[in-house]
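For reference, the structure discussed in these notes is given below.
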Amino acid sequence: WRRSRARSTSGGRRGCRASRRRGGTICASRRTSLPAPSRARCPSPSTLPRPRASSWSTPPTWTCPPGTWPYAVLLPVEVTSALEDEILIIRFNEVLPLGEGTLVIAFQGTLNDKMKGFYRSVYELNGEKKNMAVTQFEPADARRCFPCWDEPSFKAVFKITLEVPCETVALSNMPVVEEKVNGPTKTVYFQESPIMSTYLVAVIVGMFDYVEAFTADGTSVRVYTQVGKSAQGKFALEVAVKTLILFKEYFAVPYPLPKMDMIAIPDFASGAMENYGLVTYRETALLFDERHSAAANKQRVAVVVAHELAHQWFGNLVTMEWWTHLWLNEGFATWVSYLAADRFFPEWNVWIQFLEESTTGFRLDALAGSHPIEVDVNHVDEIDEIFDAISYRKGAAVIRMLQSYLGAEIFQICGNLSIEN
Ligand SMILES: [Zn+2]
């Protein structure tokens, strides 16, 4: 994907272009309180390549204040936030030295009621209403929780620590490495993640039950539910274990993380979200009750679980550079989820349903407001608009046509090469 037509630039530049197009103020800023001091590593002058004279209007200085080498603590002179463009501008008085630096920012997020960012969901425990903390960062709401370069191509490792009430379960992308109890709260330390995009980071805190199984190579797979509902997670668990084994073989790469948790959230804006190692679902897309649920629910659970687990490779391990290629991410995951469902439940004849379900994309495509599957995205406000049936359904139909044209074997080899690259 990274080799395809690249158009990602910095969020600030994109935002400013969009502001100009709408005739608004360009990068309107406001002053905010100063955060903690930034601490930049000041490298030794002898180890640095000499900059070309033409790239500097005044020669840079490499000298650190006496006694601070190899670190210099640099304080910003001004911190402003461009609200419309959702960017923070940190201005220093001097040119920052070349080399690695650590930017330290003290910040506060809000547990909001917007069903995006870091938000509150309500559930029942023994007839009592309880709050749960949940995250939904895709496409660009990680910045509501913590400051970050919140674009898919800016990957980083995440080491998360949570302080939560003792009786709650705290989950994140990676397994817990240590818990320390301090009176009514406990501090939970999670293992450092591999490099990943910010939109895939997740944190959940609440009271849950779970069912667990393991893949043949020892990966723990759990389905978390509200207390007392774990039996309804068994079908999804069974599908998830089989899917991880199938996709390891199909993509020719093992599942990249040490565990896979899937959790049903009572208040959830979309069907499901493929957070790396901690997939969140609307309850109806994960839970299945043998006695009361309809056959269509069973099929939906199987297809949605396979879709989200496909993203662990196609989307999470290999990520689109910018949202312009969302259709490839979603179209492929949609297509391959039918491939998995057909493998596990051939009696369902899901490919016949695939055709019927593709028409939701074509119906939208017939309207004047249609768009190509690949869309230029110029501002963060425009991303949500393309999470539609054209990206998912028409995108999946194009992938299926491509696979039919190339042949299943060649198509699979090409996909594996793209992941390997
Ligand atoms: Zn998806």
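The values are calculated or read from the model by the stated rules, or taken from the named source; none is laboratory data. All values derive from a computational prediction rather than experimental measurement. Reconstructed Cβ throughout: ideal geometry from the backbone, glycine too, with neighbour counts over all protein chains shown. For accessibility, only protein heavy atoms count, side chains too; no ligands or nucleic acids. Shrake-Rupley method; radii C 1.70, N 1.55, O 1.52, S 1.80 Å.
For the ranges 160-173, 361-374, 260-273, what's the packing order if you count other beta-carbon atoms within 10 Å of each residue, average per peptide, and put the highest first?
Packing order, densest peptide first, comes out as 260-273, 160-173, 361-374.
Sequence gap at least 6, Cα distance under 8 Å: using those rules, report the relative contact order of the range 258-318 to the nearest whole percent.
30 percent
Sorted by mean Cβ packing within 10 Å, highest first, what order do the peptides 73-86, 188-201, 297-310 take?
Averaged packing, sorted descending, gives the order 297-310, 188-201, 73-86.
Which lysines, on any chain, are close to LYS116 with Cα under 16 Å apart, when same-chain ones fewer than 8 places away are left out?
Cross-link targets: none qualify.
For the range 94-150 and the range 250-296, write down the distance between their C-alpha centroids in whole Å.
21 Å
Of the heavy-atom accessible surface of the range 339-398 (probe 1.4 angstrom), what whole percent is carbon and sulfur?
Result for the range 339-398: 58 percent of the exposed heavy-atom area is carbon or sulfur.
Would you work out what percent of the accessible area of the range 238-318, with all protein chains in place, is carbon or sulfur (probe 1.4 Å)?
Carbon and sulfur together cover 54 percent of it.
Which value, in Å², gives the accessible area per residue of the range 130-193 when a 1.4 Å probe is used on the protein heavy atoms?
Averaged over the residues of the range 130-193, the accessible area is 47 Å².
Could you do me a favour and compute the accessible area per residue for the range 326-421, 1.4 Å probe, result in Å²?
Per residue, the range 326-421 has 51 Å² of solvent-accessible surface.
Could you name the lysines in cross-link range of LYS259, using Cα to Cα under 23 Å and dropping any fewer than eight places away on the same chain?
Within the straight-line limit of under 23 Å, LYS259 reaches these lysines: LYS155, LYS159, LYS180, LYS186, LYS229, LYS234, LYS242, LYS248.
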